[in-house]
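Working notes, structure below.
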Amino acid sequence: MKRWLIPVILLVVLAIGLYQWAVGFNNKAVELEANAKTAWSNVESAYQRRNDLIGNLVKTVQGAADFERETLTDVIEARARATATNINAENLSPQNIAAFQEAQSGLTSALSRLLVTVERYPELKANQNFLELQAQLEGTENRINVARDRFNEQVNLYDIHISKFPNTLFAGWFGFEDMARYQADAGSENAPDVNFEFN
């Protein structure tokens, strides 16, 4: 056997091994990235369900003739901003997620004010449609939280995969970048003030 053949065979074996390693990394990264994007779609779907329920809630509340129009207008405008802020799953940048989160937080805040205001309207508190919508909204808020947690879990798996050495080398070659996570709302680390008044 010719001596030059041994280094050639070693180089071919090394090249095949490197190729298989790169293909394995790429396929796993593609799978994890797709799972994270699907999880993001589930976050958007949960928020869409909430937006749909809010539309029905607003219609129910509008039926109360003397209901505070300013509070209702705030909810309607916040809902419009929230539904106008969409993110393409291909562009889950920290800035885009922050803009989406800000719009959703504004709607959450306006909705909370609406539900507090309803306490002054006994006819609404006794309205079966309103009570059912309120219960569905509470369930949807739980779904949103679960969807956000699952999104963050999927992003974490993806980020770990592309950040480990030597995967980080392949990540740069194949164009895989860290994905942004859904962050807690600003100020959520502070406990809210609760004031119970008893008469």
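Glu141 fulfils the conditions (1) part of a helix (DSSP H, G or I); (2) under 23 Å from the mean Cα position of the chain (by Cα); (3) modelled with pLDDT under 90 except for a single criterion, (3). Pairs meeting the criteria (first residue in region 10-26 and under 14 Å from Ala171 (Cα atoms), second residue part of a helix (DSSP H, G or I) and not hydroxyl-bearing (Ser, Thr, Tyr), beta carbons under 6 Å, at least 6 apart or on different chains) are Ala22/Phe170; Phe25/Asn167; Phe25/Phe170; Asn26/Phe174.
Please find, among Val43, Val61, Val30, the residue that is surrounded by 15 or more Cβ atoms within 10 Å (Cβ to Cβ) and within 25 Å of the chain's Cα centre (by Cα).
Val43
Contact map, region 149-167: residues that are in contact (Cβ under 8 Å) with a residue 24 or more places away in the chain and over 20 Å from Glu90 (Cβ atoms) paired with residues that are aromatic (Phe, Trp, Tyr) and surrounded by 13 or more Cβ atoms within 10 Å (Cβ to Cβ), Cβ distance under 6 Å, separation 6+ or inter-chain. Pairs shown: Asn167/Phe25. Would you mind stating whether Ala36 is part of a helix (DSSP H, G or I) and on the phi < 0 side of the Ramachandran plot? Judged against the criteria, Ala36 is a match.
Of everything in region 138-156, what is buried (at least 18 other Cβ atoms within 10 Å of the Cβ) and either closer than 30 Å to Thr60 by Cα or of a type in the set (Ser, Thr, Tyr) (or both)? Give them in sequence order. The answer is Thr140, Ile144, Ala147, Arg148. Examine region 93-108 for a residue that is surrounded by fewer than 16 Cβ atoms within 10 Å (Cβ to Cβ), outside any helix (DSSP H, G or I) and either in contact (Cβ under 8 Å) with a residue 24 or more places away in the chain or on the phi < 0 side of the Ramachandran plot (or both), and state whether such a residue exists. Yes - at least one qualifying residue is present in region 93-108. When region 47-79 is filtered for residues that are among the aliphatic types (A, V, I, L, M) and in contact with a helix residue (DSSP H, G or I) (Cβ under 9 Å, 6 or more places away or on another chain), the ones remaining, listed by number, are Leu53, Ile54, Leu57, Val58, Val61, Ala64, Leu72, Val75, Ile76, Ala78. Among the residues of region 144-186, those that are more than 13 Å from the chain's Cα centre (by Cα), at negative phi and outside any helix (DSSP H, G or I) comprise Lys164, Phe165, Pro166, Phe176, Glu177, Asp178, Ala186.
The values are calculated or read from the model by the stated rules, or taken from the named source; none is laboratory data. Since we're looking at a predicted model, the values are computed, not measured. Reconstructed Cβ throughout: ideal geometry from the backbone, glycine too, with neighbour counts over all protein chains shown.
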